[in-house]
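Chemist: Input: one structure, supplied below.
Just so you know, all these numbers are worked out from the coordinates, no wet-lab data involved. Nothing here was measured: the structure is a model prediction, and the numbers come from that model. Cβ sites come from the backbone with ideal geometry, for glycine too, and all protein chains shown count toward neighbours.
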Amino acid sequence: MDNGNASRVTELILLGLSTDPGVQILLFEVFLIVYLATLAGNIILIVAVKTDKRLHSSMYLFLANLSFIDVCYTSVIVPKMLLDFLATNKIISFTGCAVQIFAYLFLGESECILLAFMAYDRYIAICNPLRYNTIMSIRSCAGMISAAWMTGCVVSSVDLFFVCLLTYCGPNVIDHFFCEATSLILLACSDTSINRSVTFAGGCILLLIPVALILFSYVQIIASIVKIRSGRSKSFSTCFSHLFVIVIFYGTAIFTYMRPRHSGTDTTDKMVSVFYTIITPMLNPLVYSLRNKDVQRALRRIGTCFALT
């Protein structure tokens with residue numbers, strides 16, 4: 001990391017979402033509530049799928065994995081952010097920053113692939129229901145989930161490798177609320193053209209291709225729903241709620257990672273990052289799972305068991 005006589009940056013300062021103490025307290029309270037809601041919704045779903053044998057199917061295995069990713073994903077970012085709202089010096093070590101970059105990229109990229117597989121699962125269930133159990137067996141589902149995790153691990157390792165190859169000799173202030181790779185790269189005092197190319201290539205693989213597959217799947221799903229005479233309004237509502245969250249997640253991520261970079265991070269960049277790092281993990285269990293009748297029945301059974309004990 002050293003470059004000639006330049007000193008190596010060992011600590012970084014995160015500016016956060018605001019420097020106003022009053023606003024920081026308000027933000028602390030808001031994001032604490034959002035974080036707790038995210039943990040509660042996703043953990044409840046994981047417990048329901050784990051304990052109810054009726055939910056031991058491919059669709060719910062996907063949903064449980066999505067919830068597990070979201071719990072880990074937000075936990076990589078939000079607790080540190082909450083502490084920084086209350087801290088005078090928002091310092092993170094360079095090593096800690098690198099670990100955070102790898103963890104959130106690994107989990108976020110795995111989720112990008114997993115959401116595409118989930119859309120394919122719904123496409124097969126609605127457009128080819130007679131072959132669903134054959135195509136989307138538990139074994140096939142487990143293979144897809146493993147592929148999502150492995151892809152996320154490999155791509156995030158490559159991203160981190162090229163980030164750590166850069167020379168950081170000052171300044172050490174990141175205008176963000178967490179260590180985002182694109183913001184850290186702006187501090188490098190060596191050539192970052194390779195990093196930008198790697199980021200763009202990764203975006204094509206993990207953002208553009210999955211979102212194209214998702215949109216294709218939902219176009220086919222909606223076309224099939226149109227042919228159904230009963231229950232169309234509920235099916236349309238479910239599809240559009242899924243697409244709403246997908247557009248937020250992929251749209252904000254594409255805005256961050258695939259547009260031409262400017263000289264620094266601004267308020268818009270930070271607010272956009274809030275959506276794909278904090279808001280969508282809270283919305284996912286509500287949109288994908290907790291409105292589902294099978295999940296609701298499982299939760300009622302769990303509640304009844306707790307009441308009896």
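Chemist: Rank-order 202-211, 158-167 by packing density, defined as the average count of other C-beta atoms within 10 Å over each peptide's residues, highest first.
Modeler: 202-211, 158-167
Chemist: Please report Glu29, Glu180 as a ranked list, fewest other C-beta atoms within 10 angstrom at the top and most at the bottom.
Modeler: Ascending Cβ contact count within 10 Å gives the list Glu29, Glu180.
Chemist: Now a separate question. Do the sum for the chain: with -39,500 (n - 2.57) for every DSSP H run of n ≥ 4, divided by all residues, what is the mean residue ellipticity at 222 nm, to the nearest 500 deg cm²/dmol?
Modeler: The per-residue figure over the chain is -23500 deg cm²/dmol.
Chemist: Mind giving me the FRET efficiency for Leu86 and Val287? R0 is 41 Å, r the Cβ-Cβ distance, nearest 0.05 is fine.
Modeler: About 0.85, to the nearest 0.05.
Chemist: Please give the length that would be gained between His56 and Phe200 if that part of the chain were fully extended, namely 0.36 nm times their separation in residues minus their C-alpha to C-alpha distance (nm, one decimal).
Modeler: Gain on stretching His56 to Phe200: 48.1 nm.
Chemist: Which of Leu63, Leu107, Leu36 moves the most in a Gaussian network model of the chain with Cα springs under 10 Å?
Modeler: Looking only at Leu63, Leu107, Leu36, the largest GNM fluctuation is found for Leu36.
Chemist: Given labels modelled 7 Å from the Cα in the Cβ direction, how far is it in nm from Leu165 to Thr19?
Modeler: Result for the modelled spin labels: 3.5 nm.
Chemist: What's the angle, to the nearest 10 degrees (0 to 90), between helix 94-127's Cα axis and the longest principal axis of the chain?
Modeler: Roughly 20 degrees, rounded to the nearest 10.
Chemist: Roughly how tilted is helix 138-165, in degrees to the nearest 10 and between 0 and 90, from the longest Cα axis of the chain?
Modeler: The helix 138-165 is inclined about 10 degrees to the chain.
Chemist: Going 7 Å from the Cα of Thr10 along its beta-carbon direction, which residues of the stretch 174-204 have the amide nitrogen within less than 18 Å of the resulting point?
Modeler: none
Chemist: Continuing with this model, one more query. What FRET efficiency comes out for the pair Val47/Asp191, r = Cβ-Cβ distance, R0 = 41 Å, nearest 0.05?
Modeler: Step by step, r from the Cβ atoms, then E = 0.25.
Chemist: Any idea what angle helix 193-203 forms with the longest principal axis of the chain, computed on alpha-carbon atoms, 0 to 90 degrees, nearest 10?
Modeler: Approximately 10 degrees, to the nearest 10.
Chemist: List the trypsin sites (Lys or Arg not before Pro) within the stretch 163-247 that fall in a DSSP loop (any state other than H, G, I, E or B) and whose Cβ has at most 12 other Cβ atoms within 10 Å.
Modeler: Taking the stretch 163-247 and a limit of 12 other Cβ atoms within 10 Å, the loop trypsin sites (Lys or Arg not before Pro) found are Lys227, Arg229.
Chemist: Further question on the same structure: Net charge around Ile69, counting only other residues with Cβ within less than 11 Å of its Cβ (Lys, Arg = +1; Asp, Glu = -1)?
Modeler: Within the 11 Å Cβ shell, the charges total -3.
Chemist: Now, a different point. Taking the Cβ-Cβ separation of Ile209 and Arg259 as r and a Förster radius of 25 Å, what is the calculated FRET efficiency to the nearest 0.05?
Modeler: Approximately 0.90, to the nearest 0.05.
Chemist: Please report, largest first and rounded to whole Å, the three semi-axes of the ellipsoid equivalent to the stretch 131-234, where each semi-axis is the square root of five times an eigenvalue of the C-alpha gyration tensor.
Modeler: Calculated on Cα positions only, the semi-axes equal 41, 18, 12 Å.
Chemist: Continuing with the same structure: Could you line up Phe200, Phe102 from fewest to most neighbouring Cβ atoms inside 10 Å?
Modeler: The most exposed by this proxy come first: Phe200, Phe102.
Chemist: For the stretch 11-308, what is the largest minus smallest coordinate of the Cα atoms on each principal axis, given in angstrom and ordered from greatest to least?
Modeler: That works out to 62, 46, 32 Å along the principal axes.
Chemist: Let me ask you something else. In debye, nearest 20, what is the charge dipole magnitude of the stretch 11-308 about its Cα centre with +1 on Lys and Arg Cβ and -1 on Asp and Glu Cβ, if you could check?
Modeler: For the stretch 11-308, the charge dipole is close to 1740 debye.
Chemist: Which shape class, rounded, prolate or oblate, goes with the stretch 156-203 when its Cα gyration tensor gives a ≥ b ≥ c as root eigenvalues, a/c under 1.5 marks rounded, and past that a/b bigger than b/c marks prolate?
Modeler: oblate
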